[in-house]
1. Among residues belonging to region 4-53 that are of a type in the set (Lys, Arg) and in a loop (DSSP other than H, G, I, E, B), point out the one that is modelled with the lowest pLDDT.
2. Is there a residue in region 59-69 that is in contact with a Phe, Trp or Tyr (Cβ under 6 Å, 6 or more places away or on another chain) and either at pLDDT 75 or above or in a helix (DSSP H, G or I) (or both)?
3. Any residue in region 6-31 that's surrounded by 10 or more Cβ atoms within 10 Å (Cβ to Cβ): show its pairings with residues that are of a type in the set (Val, Ile, Thr) and modelled with pLDDT under 80 at Cβ separation under 6 Å, as long as the two are six or more apart or on different chains.
Amino acid sequence: MNTTNVDNKLVAKPFISVLELQRKKELRKVVTENHHLLHRIQITVPTYDHVKWKKDAEKHVGILRNMSEFPDYFVPPGEHKKGDDDDDDDDNDL
C-alpha cells in the first residue's frame, strides 16, 4: 500500500537555530538604525562654512609670513611634504 496521507509523509525541514534567528533579527535592527542615521545626516544643514575657513586660513598665512624672518622661505602649514627633507642630507655626508 503506497498511499500518501498526512501522517506518513516525511518532509525535511532545514534546521534553524535560535541563535541564528536572534543574529538575523539583530542585524536587521542595526541595518535599519544605520539607514535612519544616514538619512538624518544627509538632511542636516551644515553649520560650518568652508569658504570662511579658507579665507581665515589665508589671512593667518599672511600674518605668519609677515612675522617670519625669511618670508621667501616660508612654507604654509600643511604644504610641507614628509619626504622633503633636503636640509638634513648635508649632515649625513662624511
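The values are calculated or read from the model by the stated rules, or taken from the named source; none is laboratory data. Everything quoted here is computed from the prediction, not taken from an experiment. Cβ coordinates were reconstructed from backbone atoms using ideal geometry, including for glycine residues, and neighbour counts include every protein chain displayed.
1. Filtering region 4-53 down to residues of a type in the set (Lys, Arg) leaves 9, 13, 23-25, 28-29, 40, 52.
Cutting the leftovers down to in a loop (DSSP other than H, G, I, E, B) gives us 9, 13.
On the way: Lys9: 72, Lys13: 79.
Taking the candidates together, the pick is Lys9.
2. yes
3. As it stands, the answer is none, since no pair meets every condition given.
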